[in-house]
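Asker: Supplied in structure tokens, the structure appears directly below.
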Amino acid sequence: MLVMKTTASRPLGMRESVHPHWRGRAPGWIGDDGSLSSRPPRIVPTDDARCDPNAGAIAKSGAAQRIAVRAIGRIVIVPVETIVRLEAQDNYVRIWAERTLLHKETLTALCARLDPAAFLRIHRSHAIRISALREMRLLAHGEFDVVLTDGTELRSGRSFRRPIEATLGLR
């Protein structure tokens, strides 16, 4: 994972002491060397993985290994391997794992963080773990009835037919 670091240490605020030459001018930036600038800092890449505690896990596999879900008064860590399916609810995702949890992230963003070899988007509101797939029934107009190992039945979207078939090797 690439971590970005700015070259300036902090913006110049009104409460800080200002050199008399700069009084009355627009606030600027104080660089690490103490120089003043009116431009925002330049962003330079760094390999400092200490800034992100999950950088090591994500870098090894390329996908998230666990998801932190905020609950009332606590944060629940959900291992990705326990997730059976995901269901979109506006800007939230209902995660169906050992228990159901509501996570504040869109389904598109969450699916982008997960391993595409393990999860399959079957509808604009549903994604499933491929290993939890038990049966698929072809319907009219390119839709599937998808049955999971826990007995849940979901309907796929027509626009997801080709990705489903390609992932499962049906074409």
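Asker: Quick check on the range 150-162: of everything there that is within 18 Å of THR100 (Cα to Cα) and free of Cβ contacts under 8 Å to residues at least 60 places away in the same chain, which residue is nearest to the chain's Cα centre (by Cα)?
Answerer: Taking the candidates together, the pick is GLU153.
Results for (1) farther than 24 Å from SER131 by Cβ; (2) among the basic types (Lys, Arg); (3) assigned by TED's automatic domain parsing to the domain that holds SER125; (4) over 13 Å from the mean Cα position of the chain (by Cα), shown as yes or no for each residue.
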position: ALA63; (1), (2), (3), (4): no, no, no, no
position: VAL84; (1), (2), (3), (4): no, no, yes, yes
position: ALA88; (1), (2), (3), (4): no, no, yes, yes
position: ASN91; (1), (2), (3), (4): yes, no, yes, no
position: TRP96; (1), (2), (3), (4): no, no, yes, yes
position: GLU105; (1), (2), (3), (4): no, no, yes, no
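Asker: Hey, any hits in the range 163-171 for a residue that's touching a strand residue (DSSP E or B) at 6+ places or on another chain (Cβ under 7 Å), over 24 Å from ALA63 (Cα atoms) and either in contact (Cβ under 8 Å) with a residue 24 or more places away in the chain or crowded, with 16+ Cβ neighbours inside 10 Å (or both)?
Answerer: no
Asker: In addition: Could you say whether any residue in the range 128-141 is under 13 Å from ILE83 (Cα atoms), in contact with a helix residue (DSSP H, G or I) (Cβ under 6 Å, 6 or more places away or on another chain), in contact (Cβ under 8 Å) with a residue 12 or more places away in the chain and part of a strand (DSSP E or B)?
Answerer: There is no residue in the range 128-141 that is under 13 Å from ILE83 (Cα atoms), in contact with a helix residue (DSSP H, G or I) (Cβ under 6 Å, 6 or more places away or on another chain), in contact (Cβ under 8 Å) with a residue 12 or more places away in the chain and part of a strand (DSSP E or B).
Asker: I've got another one for you. In the range 90-111, what count of residues is obtained for those that are surrounded by fewer than 12 Cβ atoms within 10 Å (Cβ to Cβ) and either at negative phi or part of a strand (DSSP E or B) (or both)?
Answerer: 6
The values are calculated or read from the model by the stated rules, or taken from the named source; none is laboratory data. Since we're looking at a predicted model, the values are computed, not measured. We place every Cβ from the backbone using ideal geometry, glycine too, and count neighbours over all the protein chains shown.
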